[in-house]
Amino acid sequence: MRTQVAIIGGGPAGLLLSQILDLKGIRSVILERKSREYVLGRIRAGVLEQGLADMLRAAGVGDRMDREGQIHEGTDIAFAGKRHRIDFAGLTGGETVMVYGQTEVTHDLYDARDALGGSIIDEAKNVEINGIDTHTPSVVYEKDGQIHTLHCDFIAGCDGSHGVCRTSIPADIRREYEKVYPFGWLGVLSETPPVSRELIYNHHPEGFALCSMRSNSLSRYYVQVPREEKIDDWGDERFWEMLKRRLPEEISASLVTGPSIEKSIAPLRSFVSEPLSYGRLFLAGDAGHIVPPTGAKGLNLAASDVHYLSDALISYYRTNDEDLLRRYSETALKRVWKATRFSWWMTTLLHHFPENEGFGDRIQQTELEYLFSSKAAQTVLAENYVGLPYEPS
Ligand code: FAS
Ligand code: PHB
């Protein structure tokens, strides 16, 4: 088999890249390890920056998002029993975010790929990438017991944090930066009306809590739990009790609880691998970096990587010029590190760090009090949350 761009991974990064390239006449094949049903069953991100929403619209994948998604002009941050609003639109000259689940984005992308006859090979096992330091790379994989080789010009590593592409970059070239947080997020999806029209990021001495949603009848809640917690130890009642304890009285009083239709624990870490490219291999999305979900940046960074990588590939196939490809890693990492900083800052501001008792707690409280006394401080939060501009390639 032969194609122009072999894409490893059929999550949002791989699907969006394939769709954008297809619309420019560039052929790609997506190799996805799991079944489509498994990929579409994942519950993950919920907030889309303007940049990602615009990319989906430009790729012909924005209609259902514009029909069913919710535009949010601000968010609440609650601490010391009170809630304060960050007015995104007012502080950024009108910028907003779109609340629309990653699960729906992935559904829409699969539908769009099918509509264009895109080539997605799911349940592709034992993917191995070869020749990335040559002009004739290839991918070997197993499907239905048969071994196949896919010859290509480029390989896009969109295979997430547990993929094979990142570690195909030689260890002596690769530099990894990591910060592991001593806690995770226990998340619940429930068919209940959201407790508030906008999201509420809630600081509490016991631990962080987040009130989010997918629609007016589907709510998404998270509580900070110690890293070693096991999901089997968390019945719904225990979850709702903890959430209510952490929310300000006026919010928990109006919380509608119900059975969880999904419940999972995600560990939190910050991780960046440099460079994001090596020879004819280019990493995009979680394959190259991971952020704690506190800043709602993971999915949105996958989008900006795809923006830069698709620009570079389109430019190459149009002009045979490899300049943008050569500069992809440096360009993408500038935005990755800014979002990594913001996600670290939001996580540090809002979570309880047992090892910080005393001085650390007082600094955190001072930071929160300063945030709500300073329009400048709120503007910094707002412009990062709605998404910093995509730097010109
Ligand atoms: P993905 O991980 O989505 O997709 C990678 C794909 O590659 C997967 O389908 C995988 O099966 C496939 N793959 C892996 N190895 C392969 C191989 N060897 N061969 C072929 N295919 C392979 N972000 C937020 O903004 N907010 C959140 O609340 C949030 N919650 C999250 C919760 C969890 C549990 C996780 C894991 C992530 C969460 N994220 C969140 C981040 C998440 O949304 C990612 O940023 C987003 O999925 C990135 O998309 P991709 O880069 O496409 O990676
Ligand atoms: C979500 O709705 O899943 C969500 C929203 C905002 C975040 C993280 C997760 O920062």
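The values are calculated or read from the model by the stated rules, or taken from the named source; none is laboratory data. Bear in mind that the values here come from a model prediction, so they are computed numbers and not experimental data. Cβ placement follows ideal geometry from the backbone for every residue including glycine, while neighbour counts extend to all protein chains displayed. Only protein heavy atoms, including side chains, enter the accessible area calculation; ligands, DNA and RNA are left aside. Shrake-Rupley method; radii C 1.70, N 1.55, O 1.52, S 1.80 Å.
Based on what the data block shows, is residue 94 open to solvent by 10 Å² or more (accessible area, probe 1.4 Å), out of contact with any helix residue (DSSP H, G or I) (no Cβ under 8 Å at 6 or more places or on another chain) and more than 16 Å from ligand 2 (Cβ to nearest atom)? So residue 94 fits the description; yes.
Once segment 30-47 is narrowed to residues that are within 16 Å of ligand 2 (Cβ to nearest atom) and in a loop (DSSP other than H, G, I, E, B), the residue that is most open to solvent (accessible area, probe 1.4 Å) is 44. Of the residues that make up segment 383-392, is at least one within 27 Å of residue 175 (Cα to Cα), aromatic (Phe, Trp, Tyr), open to solvent by 40 Å² or more (accessible area, probe 1.4 Å) and within 16 Å of ligand 2 (Cβ to nearest atom)? No, every residue in segment 383-392 fails to be within 27 Å of residue 175 (Cα to Cα), aromatic (Phe, Trp, Tyr), open to solvent by 40 Å² or more (accessible area, probe 1.4 Å) and within 16 Å of ligand 2 (Cβ to nearest atom).
Residues in segment 291-335 that are away from ligand 1 (no atom under 16 Å from the Cβ) and open to solvent by 50 Å² or more (accessible area, probe 1.4 Å): 311, 317, 318, 319, 320, 321, 322, 323, 326, 327, 330, 334. So is residue 113 in contact (Cβ under 8 Å) with a residue 60 or more places away in the chain and of a type in the set (Lys, Arg) or not? Yes. Filter segment 249-270 for residues that are in a strand (DSSP E or B) and more than 13 Å from ligand 1 (Cβ to nearest atom); which is surrounded by the most Cβ atoms within 10 Å (Cβ to Cβ)? Filtering first and then ranking leaves 260.
Of all residues in segment 1-26, those that are touching a residue at least 40 places away in the same chain (Cβ under 8 Å) have Cβ atoms under 8 Å from Cβ atoms of residues that are among the hydroxyl-bearing types (Ser, Thr, Tyr) and within 16 Å of ligand 2 (Cβ to nearest atom), 6 or more apart or on another chain, in 11/106; 12/106; 15/106.
Kindly establish whether residue 195 is over 19 Å from the mean Cα position of the chain (by Cα), more than 16 Å from ligand 1 (Cβ to nearest atom) and of a type in the set (A, V, I, L, M).
yes
Of the residues 219, 273, the single one that is in a strand (DSSP E or B), crowded, with 18+ Cβ neighbours inside 10 Å and more than 16 Å from ligand 2 (Cβ to nearest atom) is 273.
Of the numbered criteria (1) out of contact with any Pro (no Cβ under 7 Å at 6 or more places or on another chain); (2) in contact (Cβ under 8 Å) with a residue 12 or more places away in the chain, the one residue 213 fails is (1).
Restricting attention to segment 350-365, the residues that are closer than 24 Å to residue 247 by Cβ and either within 20 Å of the chain's Cα centre (by Cα) or open to solvent by 70 Å² or more (accessible area, probe 1.4 Å) (or both) total 7.
Yes/no per residue for (1) surrounded by fewer than 17 Cβ atoms within 10 Å (Cβ to Cβ); (2) not hydroxyl-bearing (Ser, Thr, Tyr):
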position	(1), (2)
75	no, no
79	no, yes
106	no, no
117	yes, yes
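As for segment 13-29, it holds no residue that is within 10 Å of ligand 1 (Cβ to nearest atom), crowded, with 22+ Cβ neighbours inside 10 Å and part of a loop (DSSP other than H, G, I, E, B). When segment 207-216 is limited to residues that are assigned to a strand (DSSP E or B) and of a type in the set (A, V, I, L, M, F, W, C), the one that is nearest to residue 69 (Cα to Cα) turns out to be 213.
Do the conditions hold for residue 90, that is, is it closer than 21 Å to residue 209 by Cα, over 21 Å from the mean Cα position of the chain (by Cα) and of a type in the set (Gly, Ala, Ser)? So residue 90 does not fit the description; no.
Would a scan of segment 51-70 turn up a residue that is farther than 24 Å from residue 284 by Cβ, in contact with a strand residue (DSSP E or B) (Cβ under 6 Å, 6 or more places away or on another chain) and open to solvent by 50 Å² or more (accessible area, probe 1.4 Å)? Checked segment 51-70: no residue is farther than 24 Å from residue 284 by Cβ, in contact with a strand residue (DSSP E or B) (Cβ under 6 Å, 6 or more places away or on another chain) and open to solvent by 50 Å² or more (accessible area, probe 1.4 Å). Considering the conditions (1) within 16 Å of ligand 1 (Cβ to nearest atom); (2) within 21 Å of the chain's Cα centre (by Cα); (3) under 30 Å from residue 360 (Cβ atoms), residue 229 is excluded by exactly one of them, (2).
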